[in-house]
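Beneath this line is the structure, given in structure tokens, with notes to follow.
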Amino acid sequence: RTIRVWLKRDSGQYWPSIYHTMSSPCSAMAYHHDSRRIFVGQDNGAIMEFHISEDFNKMNFVKTYPAHQNRVSAITFCLTSEWVISTGHDKCISWMCTRSGSMLGRHYFTSWASCLQYDHETRHAFVGDYSGQITLLKLEQNTCSVITTLKGHEGSITSLWWDPVQRLLFSGASDHSIIMWDIGGRKGRTLLLQGHHDKVQAICYIQLTRQLVSCSADGGIAVWNMDISREEAPQWLESDSCQKCEQPFFWNIKQMWDTKTLGLRQHHCRKCGQAVCGKCSTKRSSYPIMGFEFQVRVCDSCFESIKDEDRTSLATFHEGKHNISHMSMDISRGLMVTCGSDRIVKIWDMTPVVGCSLATGFSSR
């Protein structure tokens, strides 16, 4: 239930400078560096604002915002409009005026709102929820409008990252995958990235080097090369029989009766998207250009078409050595902070990663 400020001493070690004990466990935080304002969301739904002194040795309480009726899941602060925007487990997004502390507006969803990104220039908010859906909203002074919804994940959305320069949205989910949504292109183009073995807890896109950093609950850290032309994963095709050998699937009773054969289980080739049986998809292969960094099911004909050079990895994988629950990056200094469920905070030097090599403290997976 504490918020702590750690300062790097002359010895190179970090030591706690000040801390404040909250009335309820802390669940989310946003820090605005230029104004030294901290907004802390709590399990009871309230958001508390503090101001940090110039020497970082004093923390002054400013005000409490009655943001939600349940746990606060994400917070962002917009200095130009003086808004604090948040999502919570009461299934809503709220935006409040930091000058008056009053509520400006709320919008409700059908599921817990789990993460949030905000475009300060256009006042567009991206909200991920536990149903696996992302909602794009346009926020006004006292109202909002739903622009669109994005559906592609098979699990709850756990993290979002918005790049306002290229107008790309990245989403991580409990289905272990990451999706890149081309919002600016308005083509609905999506790229799927699969390289984690647990839910993706945090993501950060480095626009300068076109790299995506992602962390998962099992401690896996991946650095994805996004500065290449990737292939979009195909939509899975539906069929009542194998699209290779035409054998019926187990629900196709008529064809089973006509051919006097037992129905087979349906699978899908990850490269072409065709519905195939197990006998026609006996092979497994990685296909990094489509985002599949580990081996997935492909049909036998697609397996033959994949060359050895096509299996060259387009990401580097590292071990955080603790179960990562949160990650934050200071891109300008090349530093990354990870927080684990083991109550340990780790600070990583990521500058070698920008140069496409292993960072200090990383070990190869």
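Test His176 against the criterion of being open to solvent by 10 Å² or more (accessible area, probe 1.4 Å), more than 13 Å from the chain's Cα centre (by Cα) and not polar (S, T, N, Q), and give yes or no.
No.
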If you take the residues of segment 21-31 that are open to solvent by less than 60 Å² (accessible area, probe 1.4 Å) and touching a Ser or Thr at 6+ places or on another chain (Cβ under 8 Å), which of them is nearest to Phe56 (Cα to Cα)?
Ala30
Considering each of Asp55, Asp34, Asp90 in turn, give the residue that is open to solvent by less than 30 Å² (accessible area, probe 1.4 Å) and outside any strand (DSSP E or B).
Asp90
In the list Cys245, Cys280, Cys272, which residue meets the criterion of being out of contact with any Phe, Trp or Tyr (no Cβ under 9 Å at 6 or more places or on another chain), within 23 Å of Ser313 (Cβ to Cβ), not charged (D, E, K, R) and not assigned by the TED database to the domain that holds Gln194?
Cys272
Looking at the structure I just gave you, is Ser111 under 24 Å from Leu150 (Cα atoms), part of a loop (DSSP other than H, G, I, E, B) and open to solvent by 10 Å² or more (accessible area, probe 1.4 Å)?
yes
Got a number for residues in segment 121-176 being more than 23 Å from Ser27 (Cβ to Cβ) and in contact with a Cys (Cβ under 7 Å, 6 or more places away or on another chain)?
1
Examine segment 300-307 for a residue that is open to solvent by 40 Å² or more (accessible area, probe 1.4 Å) and of a type in the set (Asp, Glu), and state whether such a residue exists.
yes
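Residue-by-condition table, conditions (1) touching a helix residue (DSSP H, G or I) at 6+ places or on another chain (Cβ under 7 Å); (2) open to solvent by 40 Å² or more (accessible area, probe 1.4 Å):
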| site | (1), (2) |
| --- | --- |
| Arg167 | no, yes |
| Gly184 | no, no |
| Gly195 | no, no |
| Thr209 | yes, no |
| Cys215 | no, no |
| Met226 | no, no |
| Glu231 | yes, yes |
| Cys242 | yes, no |
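Every residue, every condition in (1) polar (S, T, N, Q); (2) at pLDDT below 90, yes or no:
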site: His124; (1), (2): no, no
site: Ser131; (1), (2): yes, no
site: Leu137; (1), (2): no, no
site: Leu168; (1), (2): no, no
site: Met180; (1), (2): no, no
site: Ile183; (1), (2): no, yes
site: His197; (1), (2): no, no
Using beta carbons and a limit of 8 Å, which pairs, at least six apart or on different chains, have the first residue in segment 329-342 and farther than 13 Å from Ile203 by Cα and assigned to a loop (DSSP other than H, G, I, E, B) and the second one open to solvent by 70 Å² or more (accessible area, probe 1.4 Å) and among the aromatic types (Phe, Trp, Tyr)?
none
Kindly provide the set of residues from segment 250-284 that are under 13 Å from Asp300 (Cα atoms) and either open to solvent by 40 Å² or more (accessible area, probe 1.4 Å) or over 37 Å from the mean Cα position of the chain (by Cα) (or both), ordered by number.
Arg270, Lys271, Cys272, Gln274, Lys279, Thr282, Lys283, Arg284
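The values are calculated or read from the model by the stated rules, or taken from the named source; none is laboratory data. Small disclaimer: the values here were computed from a predicted structure and weren't measured. So basically every Cβ, Gly included, is an ideal-geometry build from the backbone, and we count neighbours across all protein chains shown. Surface areas here come from the heavy atoms of the whole protein model, side chains and all, with no ligands, DNA or RNA. Shrake-Rupley method; radii C 1.70, N 1.55, O 1.52, S 1.80 Å.
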